[in-house]
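Q: Below you'll find the structure I mean.
The values are calculated or read from the model by the stated rules, or taken from the named source; none is laboratory data. These figures come from a predicted structure and were not determined experimentally. A quick note on method: Cβ atoms are made from the backbone with ideal geometry, for glycine too, and the neighbour counts reach across all protein chains shown. All accessible areas refer to the heavy atoms of the entire protein, side chains included, with ligands and DNA or RNA removed. Shrake-Rupley method; radii C 1.70, N 1.55, O 1.52, S 1.80 Å.
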Amino acid sequence: MPAEREGPTVKAVRRRAALVAPGSDDRKARKALASQADEVVLDLEDAVTPAEKGAARDLVVALAAEFGRDRTVSVRVNGPDTEWFTADLAAVAAATGLASIVIPKVESAAPLTAAADGLPAGGDVRVQALVETPAGVENIGEIVRGPRVDSVIIGYADLGAALGRSATAPPWQWLYVQDRILHAARAAGVQAIDGPHLGTADDEEFRRAAHWTADLGFDGKWVIHPAQIATTIDTFTPTATQIEHARRVLEVLDDAAERGAGAALLDGRMLDEAVAVAARRTLAQIGA
């Protein structure tokens with residue numbers, strides 16, 4: 001889970017499944033907010049036409065105020081190179097109930113700093129960085145250390161288009177990008193969130209992609225259809241066996257420390273700090 005580096009102390013947000021919903025459609029947004037997704041990202045960017053930008057901005061601010069007390073609501077603003085970025089930041093900075101602002105097409109820490117500077121001092125609103133360009137991947141070490149950054153998300157559609165990569169590329173062809181972003185996120189103590197699968201079905205292709213990044217170590221995944229929520233939550237939640245093993249590991253290590261023992265064994269295997277770190281991460285994934 002993310003570690004605090006700057007800004008106020010806040011409780012880490014679970015993002016096993018983050019559902020993206022259009023910020024211009026009240027019905028779809030409310031349906032998303034009534035779902036079981038850990039986080040709902042109301043979108044002011046790709047899902048909203050230029051003519052609807054202003055009305056969508058007003059709608060997401062109202063929805064955040066209405067639902068933000070009981071669930072995690074975030075807003076994806078328009079990109080830093082667009083005419084709507086400044087107005088979006090001003091609107092969400094004055095909003096209540098928001099957990100975070102998602103900045104798209106992040107290529108450096110500059111837009112993250114601009115977003116953080118516009119937020120009320122001492123507030124709990126965080127910043128998420130959506131990396132979807134080659135420059136963003138190249139500068140990921142700087143991005144994950146931006147002010148108030150809570151997580152970094154891979155944006156496959158734009159990144160794939162920029163790279164010239166096939167839209168049907170299997171998950172393992174993204175390993176370099178995934179590992180680079182995951183390593184940077186872990187080094188900075190922020191969450192690594194997998195980007196959305198381009199299909200809307202909860203099919204074998206989607207499940208294979210979700211399991212791939214869960215096995216790599218990602219904390220969660222964006223989804224674009226409610227049908228994918230249950231599978232995503234299940235995929236990024238430790239099993240009962242994994243949870244029980246993690247608890248036993250920490251219990252055995254605590255007992256060894258109390259006895260002043262130089263080594264600890266569990267089921268014939270030596271335990272060390274690396275095993276303890278993995279156990280703590282497993283328990284953190286269930287909020288323990």
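Q: Using a 1.4 angstrom probe, figure out how much accessible area segment 47-190 has per residue, in square angstrom, rounded to the nearest whole.
A: On the way: 5870 Å² over 144 residues.
Accessible area per residue: 41 Å².
Q: I'd like the distance between the alpha-carbon centres of segment 104-121 and segment 40-58, rounded to an integer number of Å.
A: 19 Å
Q: Now for a separate question. Ranked by accessible surface with a 1.4 Å probe, highest first, in what order do 31, 221, 105 come? Please report the intermediate quantities before stating the final value.
A: Values: 31 130, 221 5, 105 60 Å².
These residues rank, largest area first, as 31, 105, 221.
Q: Provide the percentage of antiparallel DSSP beta bridges, counting only those with both residues in the chain; round to the nearest 5. Numbers along the way, then the final one.
A: Working: 3 of 33 bridges.
Just about 10 percent of them are antiparallel.
Q: Evaluate E = 1/(1 + (r/R0)^6) for residue 166 and residue 86, where r is the Cβ-Cβ distance and R0 equals 35 Å; express this FRET efficiency to the nearest 0.05.
A: Given R0 = 35 Å and the Cβ-Cβ separation, E is 0.45.
Q: So what's the gap between the Cα centers of segment 158-211 and segment 252-288, to the nearest angstrom?
A: For segment 158-211 versus segment 252-288, the Cα centre distance is 31 Å.
Q: Let me ask something additional. Show me 35-43, 133-141 ranked by packing, highest mean number of other Cβ atoms within 10 Å first.
A: Values: 35-43: 23.2, 133-141: 17.7.
Those peptides, ordered most packed to least, come out 35-43, 133-141.
Q: Pairs of Cα atoms under 8 Å, at least six residues apart: use those to get the relative contact order of the chain, whole percent. If you can, show how the numbers build up before the last one.
A: Working: 521 pairs, mean separation 47.6, N = 288.
RCO, the chain: 17 percent.
Q: Another question, if that's okay. Per the helix-only calculation at 222 nm, which mean residue ellipticity applies to the chain, given -39500 (n - 2.57) for every DSSP H run of n ≥ 4 and division by its residues, nearest 500 deg cm²/dmol? Please report the intermediate quantities before stating the final value.
A: Numbers: 12 runs with 124 residues, N = 288.
The helix-only estimate for the chain comes to -13000 deg cm²/dmol at 222 nm.
Q: How do 239, 282 stack up against each other in accessible area, from largest to smallest, with a 1.4 angstrom probe? Show your work: numbers first, answer last.
A: On the way: 239 70, 282 25 Å².
Highest to lowest solvent-accessible surface, that is 239, 282.
Q: Output the 0 to 90 degree angle, nearest 10, between the alpha-carbon long axis of helix 53-67 and the longest principal axis computed from the alpha carbons of the chain.
A: That works out to roughly 40 degrees.
Q: May I pose another question? Given [x] 0.99; [y] 0.94; [z] 1.03, which label gives Rg/Rh (Cα atoms, Kirkwood Rh) as computed from the coordinates?
A: [x]
Q: Give me, ordered by chain and number, the residues 5 or more places off residue 191 or on other chains with an amide H under 5 Å from its own placed amide H.
A: Here 151, 152 satisfy the definition.
Q: In the chain, what is the count of Lys pairs whose alpha carbons are under 22 Å apart, counting only pairs at least 8 residues apart or on separate chains?
A: 7
Q: On to the next question. Which angle from 0 to 90°, rounded to the nearest 10, does the C-alpha axis of helix 273-284 make with the longest principal axis of the chain?
A: Around 50 degrees separate the two axes.
Q: Can you give me the angle between helix 204-216 and the longest principal axis of the chain, using Cα atoms only, in degrees from 0 to 90, rounded to the nearest 10?
A: For 204-216 against the chain, the angle is about 60 degrees.
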